Amino acid sequence: MKIAIIGATGFLGSNLVKEFSSRGHEITAISRNSSDDVPENVTVVKADIFNTDALANVLKGHDAIVSAYNPGWTNPDIYDDFMKGSASLQQAVKQSGVKRYITIGGAGSLYIAPEKQLVDTPEFPKEYYAGASAARDYLTILKQEKDIDWVFFSPAIEMHQGITTGRTGKYRLGLENPVFDENKRSILSGEDLAVVLADEVENPKHHQQRFTAAY
């Protein structure tokens, strides 16, 4: 398959490129930054996601698009940039003619009670609130999209570079609620997040909905 990965040089994007390329797919790695150290089945393309028309041209001809776009957790304009960038990406996907689109949001919009999302709990880190709120609000917008086969992926609550389990290839799936282990933790490595999404691209199980995964 020919897969476009957006945000390809970041923490999640680099894991996605590694996983998809190891499975033999033809990868277009799209990022603001360039990289020369890539496998032979990976083509690196520098692109500005806010230039919708140019991005749409880059995306044409792919079987699926996976977005790990994040304007940066320390970005003071993260809310506005996330919303604008996500809207541009969604429009570019539509213009490209590619139907399958998977975007990675946050865990903050997962429900820990019927009417309570994680981002609204007192324990949620305030430094991540703006970005998590943007992802939640964008999910609400994306749910109105009927023209593309989109998927919104919410990672486990604990999913960051400090998770050292590496690639196990094991995980459990959920939809609107976090997946907890026997110790009441929702955890997943970046490497296994890439496994989850590569499996979803190869064998689609979710369509125009959100899902999540953890050990």
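At a threshold of 8 angstrom on Cα-Cα distance, excluding pairs fewer than six apart, so keeping six or more, what relative contact order does region 101-183 reach in percent?
On the way: 78 pairs, mean separation 35.1, N = 83.
Across region 101-183, relative contact order equals 42 percent.
Using packing as a proxy for protection, rank 111-123, 10-22 so that the peptide with the highest average count of other Cβ atoms within 10 Å comes first.
Numbers: 111-123: 12.2, 10-22: 21.7.
The most tightly packed comes first, giving 10-22, 111-123.
For all pairs of alpha-carbon atoms in region 18-140, what percent lies in each bin of width 10 Å, listed from the first bin to the last filled one?
Calculated P(r), rounded to whole percents: 12, 37, 32, 16, 2.
Taking the 0 to 90 degree range and rounding to the nearest ten, how far is the long axis of helix 11-22 tilted relative to the main principal axis of the chain, both from C-alpha atoms?
Computed tilt is about 60 degrees.
Give me the dipole magnitude in Debye, nearest 20, for region 50-207 about the Cα centre, with unit charges on the beta carbon: positive for Lys and Arg, negative for Asp and Glu. List each step's numbers first, then the result.
On the way: 16 positive and 22 negative charges, 51 e Å.
Approximately 240 debye in magnitude.
Got a number for carbon plus sulfur as a percent of the chain's accessible area, 1.4 Å probe? Don't skip to the end; give the middle numbers.
Details: 4950 of 10350 Å².
Accessible surface attributable to carbon and sulfur in the chain totals 48 percent.
For region 87-92, in order, what is each residue's ³J(HN,Hα) by Karplus, 6.51 cos²θ - 1.76 cosθ + 1.60 with θ = phi - 60°, in whole Hz (x at glycine and Pro)?
With the stated coefficients, region 87-92 comes to 5, 5, 4, 4, 5, 5 Hz.
Expressed as a rounded percentage, what relative contact order does region 1-103 have, with Cα pairs under 8 Å and six or more residues apart? Don't skip to the answer; put the middle values down first.
Values: 184 pairs, mean separation 30.3, N = 103.
Result for region 1-103 is 29 percent.
May I ask you to list the aspartates and glutamates whose Cα is less than 19 Å away from that of K46, ignoring any residue fewer than eight positions away on the same chain?
E26, D36, D37, D81
If you average the sequence gap of Cα pairs under 8 Å that are 6 or more apart and divide by the length of region 75-215, what percent do you get for the contact order? Please report the intermediate quantities before stating the final value.
On the way: 222 pairs, mean separation 38.1, N = 141.
Computed value for region 75-215: 27 percent relative contact order.
Counting only residues 5 or more places away or on other chains, whose amide H sits under 5 Å from the amide H of T28 once H atoms are built in the peptide plane?
Amide H neighbours of T28: I3, A4, I5, T43.
Sort region 116-158 into rounded, prolate or oblate with this rule: let a ≥ b ≥ c be the square roots of the eigenvalues of the Cα gyration tensor; rounded if a/c is under 1.5, and if a/c is not under 1.5, prolate when a/b is larger than b/c, oblate otherwise.
Working: a/c = 2.79, a/b = 2.19, b/c = 1.27.
Prolate, since a/c reaches 1.5 and a/b exceeds b/c.
Can you work out ³J(HN,Hα) from phi for every residue in region 166-179, in order, using Karplus 6.51 cos²θ - 1.76 cosθ + 1.60 and θ = phi - 60°, giving whole Hz and x for Gly and Pro?
Result, ordered by residue: x, 8, 9, x, 10, 6, 10, 9, x, 10, 9, 10, x, 8 Hz.
Need one word for region 1-74: rounded, prolate or oblate. Basis is the Cα gyration tensor (sqrt eigenvalues a ≥ b ≥ c); a/c below 1.5 gives rounded, then a/b vs b/c decides. Intermediate values should be presented prior to the final figure.
Working: a/c = 1.66, a/b = 1.16, b/c = 1.43.
Since a/c reaches 1.5 but b/c is at least a/b, the shape of region 1-74 is classed as oblate.
Need one word for region 136-175: rounded, prolate or oblate. Basis is the Cα gyration tensor (sqrt eigenvalues a ≥ b ≥ c); a/c below 1.5 gives rounded, then a/b vs b/c decides.
Numbers: a/c = 3.29, a/b = 2.16, b/c = 1.53.
It comes out prolate by the Cα gyration axes.
At q = 0.12, 0.18 Å⁻¹, what is the log10 ratio I(q)/I(0) for the chain, with the Debye formula run over Cα points and no solvent?
-0.58, -1.41
Go ahead and estimate [θ] at 222 nm for the chain from helices alone: -39,500 (n - 2.57) per DSSP H run with n ≥ 4, summed, over the residue count, rounded to 500. List each step's numbers first, then the result.
Working: 5 runs with 66 residues, N = 215.
The per-residue figure over the chain is -10000 deg cm²/dmol.
If one takes the longest principal axis of the Cα atoms in the chain, at what angle in degrees, from 0 to 90 and to the nearest 10, does the Cα axis of helix 190-202 lie?
Result, in degrees: 60.
Measure nothing but the geometry: give the 0 to 90° angle between the long axis through the Cα atoms of 129-142 and the longest principal axis through the Cα atoms of the chain, rounded to 10°.
Helix 129-142 and the main axis of the chain meet at about 70 degrees.
May I ask you to evaluate 6.51 cos²θ - 1.76 cosθ + 1.60, the Karplus curve with θ = phi - 60°, for each residue of region 41-52 and list the ³J(HN,Hα) values in order in whole Hz, giving x for glycine and proline?
These are the phi-based 3J(HN,Hα) values: 8, 10, 10, 8, 10, 7, 8, 9, 5, 7, 8, 4 Hz.
Just read off the accessible area of D147 with the full protein assembly in place, 1.4 Å probe, to the nearest 10 Å².
In the full protein context, D147 sits at about 100 Å².
Can you give me the accessible area per residue for region 176-215, using a 1.4 Å probe, in Å²?
Numbers: 1660 Å² over 40 residues.
Using a 1.4 Å probe on heavy atoms only, each residue of region 176-215 averages 42 Å².
Would you mind checking which residues have amide H under 5 Å from Y101's amide H? H placed 1.01 Å from N; only 5 or more apart, or other chain.
Amide H to amide H, under 5 Å and 5 or more residues apart or across chains, Y101 pairs with I65, D149, W150, V151.
The values are calculated or read from the model by the stated rules, or taken from the named source; none is laboratory data. What you see is a predicted model, and the numbers here were worked out from it, not measured in a lab. With ideal geometry, Cβ positions are generated from the backbone for all residues, glycine too; neighbour counts draw on all protein chains shown. Protein only, heavy atoms only, side chains kept; ligands, DNA and RNA dropped before computing areas. Shrake-Rupley method; radii C 1.70, N 1.55, O 1.52, S 1.80 Å.
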